[in-house]
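Novice: One structure coming up, written as structure tokens, with questions to follow.
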Amino acid sequence: MDVSPAVTQDEPTCYQQLLELLHPEGLGCPECLARAGLYIHRRRRAPVLDYRCSHCGRVFNAWTGTPLQGTHRRPSEILLILRGIAQRQSTAQLARDLGCQRAALLQLRHRLERERPINGDGEYALRSTQRA
Ligand SMILES: [Zn+2]
């Protein structure tokens, strides 16, 4: 398996990369769009933290309102999946690399491809679907 230096197993680093991809302007509340007054609500899936908005009370994480909403995969796995999709790897190959079920991966892949197409440069365009 070809693991480029860009994808590591360092979960906080991978989370940070995903955060920048998903929320280039910084994480905000998906409900009221506030960027200040966000408090950590739960750390049970750290480094993916749950936040609570002090303005509207909404609890959310960095995946809320994005194609990653509901996924419990580790940030390093998500990055490998995104890279695999961008490189047009087969789902079967990706599933073997990740040691996971092809069917579950296919479901996530379809969601990612449906909601956020891959742009021409092979760079995976993954942006929040937060309402403006
Ligand atoms: Zn809010």
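Novice: Would you be able to say whether some residue in the stretch 1-13 is crowded, with 19+ Cβ neighbours inside 10 Å and modelled with pLDDT of 90 or more?
Specialist: For the stretch 1-13, residues crowded, with 19+ Cβ neighbours inside 10 Å and modelled with pLDDT of 90 or more: absent.
Novice: How many of the residues in the stretch 41-51 are closer than 20 Å to Q17 by Cβ and more than 10 Å from the ligand (Cβ to nearest atom)?
Specialist: Selection size over the stretch 41-51: 7.
Novice: If P47 passes every condition in (1) outside any helix (DSSP H, G or I); (2) in contact with a helix residue (DSSP H, G or I) (Cβ under 8 Å, 6 or more places away or on another chain); (3) crowded, with 19+ Cβ neighbours inside 10 Å but one, which one does it miss?
Specialist: Result: P47 passes all but (3).
Novice: Can you tell me which residue within the stretch 17-39, out of those that are outside any loop (DSSP other than H, G, I, E, B) and touching a residue at least 12 places away in the same chain (Cβ under 8 Å), is surrounded by the fewest Cβ atoms within 10 Å (Cβ to Cβ)?
Specialist: Step one: of the stretch 17-39, the residues outside any loop (DSSP other than H, G, I, E, B) are 17-22, 38-39.
Next, only the ones that are touching a residue at least 12 places away in the same chain (Cβ under 8 Å) stay: 17-19, 21-22, 38-39.
On the way: Q17: 19, L18: 22, L19: 17, L21: 21, L22: 21, L38: 19, Y39: 10.
If we take residues in the stretch 17-39 being outside any loop (DSSP other than H, G, I, E, B) and touching a residue at least 12 places away in the same chain (Cβ under 8 Å), then Y39 is surrounded by the fewest Cβ atoms within 10 Å (Cβ to Cβ).
Novice: Mind counting the residues in the stretch 63-89 that are in contact (Cβ under 8 Å) with a residue 40 or more places away in the chain and in a helix (DSSP H, G or I)?
Specialist: Count: 7.
Novice: Has the stretch 54-62 got any residue that is exposed (fewer than 13 other Cβ atoms within 10 Å of the Cβ), within 16 Å of the ligand (Cβ to nearest atom), of a type in the set (V, I, T) and not in a loop (DSSP other than H, G, I, E, B)?
Specialist: no
Novice: Looking at the stretch 90-110, is at least one residue within 16 Å of the ligand (Cβ to nearest atom), loosely packed, with under 12 Cβ neighbours inside 10 Å and in a loop (DSSP other than H, G, I, E, B)? Don't jump to the end; show me each part of the working.
Specialist: Start the filter on the stretch 90-110 by keeping residues that are within 16 Å of the ligand (Cβ to nearest atom), which leaves none.
Checked against the condition, which is being within 16 Å of the ligand (Cβ to nearest atom), loosely packed, with under 12 Cβ neighbours inside 10 Å and in a loop (DSSP other than H, G, I, E, B), the stretch 90-110 yields no hits at all.
The values are calculated or read from the model by the stated rules, or taken from the named source; none is laboratory data. Everything numeric here is computed off the predicted structure, so don't read it as measured data. All Cβ positions, glycine included, derive from the backbone under ideal geometry; neighbour counts span all protein chains shown.
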